[in-house]
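Below you'll find the structure, written out as C-alpha coordinates, and then a few comments.
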Amino acid sequence: MARQGRSNAARTLVLLVCVMVLSERAAAATLNVGGLKGWNLGVDYKSWAATTRVKPTDSLFFKYDPRLHNVMVVSKADYDTCKTSAPWSKHTSGKDTIKFTKPGTYYLICGVGTHCKAGMKVAVTVRW
Ligand SMILES: [Cu+2]
(Lines give C-alpha, C1' and ligand atoms only; values in the text may rest on other atoms or scores of the structure.)
Protein backbone atom coordinates (compact mmCIF):
# COMPACT_ATOMS: atom_id res chain seq x y z
CA MET A 1 0.00 0.00 0.00
CA ALA A 2 2.81 2.36 0.91
CA ARG A 3 4.64 1.40 -2.27
CA GLN A 4 1.49 2.01 -4.29
CA GLY A 5 1.16 5.44 -2.67
CA ARG A 6 4.72 6.30 -3.53
CA SER A 7 4.40 5.28 -7.19
CA ASN A 8 1.18 7.27 -7.46
CA ALA A 9 3.01 10.26 -6.04
CA ALA A 10 5.81 9.72 -8.55
CA ARG A 11 3.30 9.48 -11.38
CA THR A 12 1.58 12.65 -10.22
CA LEU A 13 4.95 14.40 -10.07
CA VAL A 14 5.84 13.31 -13.62
CA LEU A 15 2.46 14.49 -14.83
CA LEU A 16 2.86 17.80 -13.04
CA VAL A 17 6.28 18.38 -14.62
CA CYS A 18 4.83 17.56 -18.07
CA VAL A 19 2.01 20.04 -17.56
CA MET A 20 4.48 22.70 -16.41
CA VAL A 21 6.75 22.12 -19.44
CA LEU A 22 3.82 22.19 -21.84
CA SER A 23 2.28 25.33 -20.38
CA GLU A 24 5.68 27.00 -20.49
CA ARG A 25 5.98 26.09 -24.19
CA ALA A 26 2.46 27.31 -24.83
CA ALA A 27 3.40 30.64 -23.27
CA ALA A 28 6.46 31.04 -25.50
CA ALA A 29 6.07 34.09 -27.70
CA THR A 30 7.75 35.52 -30.75
CA LEU A 31 8.43 39.17 -30.02
CA ASN A 32 8.70 41.57 -32.91
CA VAL A 33 11.63 43.82 -31.98
CA GLY A 34 10.54 47.43 -32.44
CA GLY A 35 6.89 46.43 -32.70
CA LEU A 36 5.25 47.33 -35.99
CA LYS A 37 8.22 49.48 -37.01
CA GLY A 38 10.52 46.48 -36.84
CA TRP A 39 14.31 46.84 -37.00
CA ASN A 40 14.91 50.25 -38.47
CA LEU A 41 16.38 53.70 -38.06
CA GLY A 42 14.30 56.11 -36.02
CA VAL A 43 12.77 53.57 -33.66
CA ASP A 44 12.95 54.04 -29.89
CA TYR A 45 14.36 50.67 -28.83
CA LYS A 46 14.92 51.85 -25.28
CA SER A 47 11.22 52.23 -24.69
CA TRP A 48 10.46 49.06 -26.65
CA ALA A 49 12.81 47.11 -24.37
CA ALA A 50 11.51 48.84 -21.25
CA THR A 51 7.93 47.83 -22.03
CA THR A 52 8.55 44.33 -23.38
CA ARG A 53 8.91 41.29 -21.14
CA VAL A 54 11.26 38.71 -22.66
CA LYS A 55 11.36 35.20 -21.19
CA PRO A 56 13.94 32.50 -21.95
CA THR A 57 11.31 30.61 -23.96
CA ASP A 58 10.56 33.62 -26.16
CA SER A 59 12.11 34.38 -29.53
CA LEU A 60 13.11 37.80 -30.79
CA PHE A 61 12.09 38.50 -34.36
CA PHE A 62 14.01 41.12 -36.35
CA LYS A 63 12.20 42.29 -39.48
CA TYR A 64 14.13 44.61 -41.82
CA ASP A 65 15.33 45.21 -45.36
CA PRO A 66 18.50 43.06 -45.62
CA ARG A 67 19.93 45.49 -48.19
CA LEU A 68 19.90 48.22 -45.55
CA HIS A 69 20.48 46.57 -42.19
CA ASN A 70 21.70 43.54 -40.29
CA VAL A 71 21.66 42.31 -36.71
CA MET A 72 24.74 41.65 -34.61
CA VAL A 73 24.84 40.19 -31.15
CA VAL A 74 27.72 41.92 -29.40
CA SER A 75 29.33 42.40 -25.99
CA LYS A 76 28.20 45.24 -23.75
CA ALA A 77 31.46 47.09 -24.48
CA ASP A 78 30.88 46.81 -28.24
CA TYR A 79 27.25 47.81 -27.76
CA ASP A 80 28.31 50.91 -25.85
CA THR A 81 30.89 51.94 -28.45
CA CYS A 82 29.06 50.57 -31.52
CA LYS A 83 32.02 48.43 -32.47
CA THR A 84 31.01 46.10 -35.31
CA SER A 85 34.22 44.17 -36.00
CA ALA A 86 33.85 41.36 -33.46
CA PRO A 87 30.20 40.29 -33.21
CA TRP A 88 29.27 37.12 -31.32
CA SER A 89 26.87 36.40 -34.16
CA LYS A 90 25.70 38.19 -37.29
CA HIS A 91 22.28 37.85 -38.89
CA THR A 92 21.47 39.11 -42.36
CA SER A 93 18.25 37.50 -43.63
CA GLY A 94 15.92 40.42 -42.96
CA LYS A 95 13.69 38.09 -40.96
CA ASP A 96 15.89 36.75 -38.22
CA THR A 97 14.69 34.83 -35.22
CA ILE A 98 17.09 34.99 -32.29
CA LYS A 99 16.53 33.18 -29.03
CA PHE A 100 18.35 33.66 -25.74
CA THR A 101 17.52 30.71 -23.52
CA LYS A 102 19.59 31.85 -20.54
CA PRO A 103 18.43 34.78 -18.40
CA GLY A 104 20.67 37.80 -18.75
CA THR A 105 21.07 41.00 -20.70
CA TYR A 106 21.92 40.71 -24.38
CA TYR A 107 23.13 43.44 -26.69
CA LEU A 108 22.15 43.75 -30.32
CA ILE A 109 23.14 46.37 -32.85
CA CYS A 110 22.87 47.07 -36.55
CA GLY A 111 26.33 46.69 -38.05
CA VAL A 112 25.71 48.78 -41.17
CA GLY A 113 27.31 52.22 -41.46
CA THR A 114 26.63 54.47 -38.51
CA HIS A 115 23.20 53.00 -37.77
CA CYS A 116 24.20 51.83 -34.29
CA LYS A 117 25.44 55.30 -33.36
CA ALA A 118 22.16 56.67 -34.73
CA GLY A 119 20.29 54.54 -32.21
CA MET A 120 19.76 51.23 -34.00
CA LYS A 121 20.72 49.21 -30.95
CA VAL A 122 18.82 47.38 -28.29
CA ALA A 123 19.67 45.87 -24.92
CA VAL A 124 17.32 43.02 -24.10
CA THR A 125 17.01 41.59 -20.62
CA VAL A 126 15.81 37.99 -20.64
CA ARG A 127 14.25 36.78 -17.39
CA TRP A 128 11.47 34.65 -16.02
CU1 LIG B 1 20.86 49.44 -39.96
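Before moving on, here are some points about what is shown:
- Per-residue HN-Hα couplings for the range 117-125 [Karplus 6.51, -1.76, 1.60; θ = phi - 60°; Hz; x = Gly/Pro]: 4, 7, x, 7, 8, 9, 9, 10, 9
- Here the extension length gained between R53 and A118 equals 21.0 nm, from 0.36 nm per residue of separation less the Cα-Cα distance.
- The range 29-126 - percent of accessible surface contributed by carbon and sulfur, probe 1.4 Å: 55
- Rough spin-label spacing in nm, given labels placed 7 Å along Cα→Cβ, for A86 and K46: 2.7
- Converting phi to 3J(HN,Hα) with the Karplus coefficients 6.51, -1.76 and 1.60 and the offset θ = phi - 60°, the range 81-91 yields 9, 6, 7, 10, 7, 9, x, 6, 7, 10, 10 Hz in sequence order, with x at every glycine or proline.
- Total formal charge among the other residues, if their Cβ is under 11 angstrom from that of W39, Lys/Arg +1 and Asp/Glu -1: +2
- Å² per residue, accessible surface of the range 29-126 at 1.4 Å: 52
- R127 sits with roughly 120 Å² accessible to a 1.4 Å probe, with DNA, RNA and ligands left out of the calculation.
- Working from label points 7 Å from Cα in the Cα-to-Cβ sense, the A9 to K95 distance is 5.1 nm.
- Nearest-20 debye value, the range 29-126 charge dipole, Cβ charges on Lys, Arg, Asp, Glu: 80
The values are calculated or read from the model by the stated rules, or taken from the named source; none is laboratory data. On a predicted model such as this, the values are computed, not experimentally measured, just so you know. Because the Cβ atoms are built from the backbone with ideal geometry, glycine has one as well, and the counts that use them run over all protein chains shown. For the accessible areas, the whole protein counts, side chains as well, though only heavy atoms, and no ligand, DNA or RNA atoms are used. Shrake-Rupley method; radii C 1.70, N 1.55, O 1.52, S 1.80 Å.
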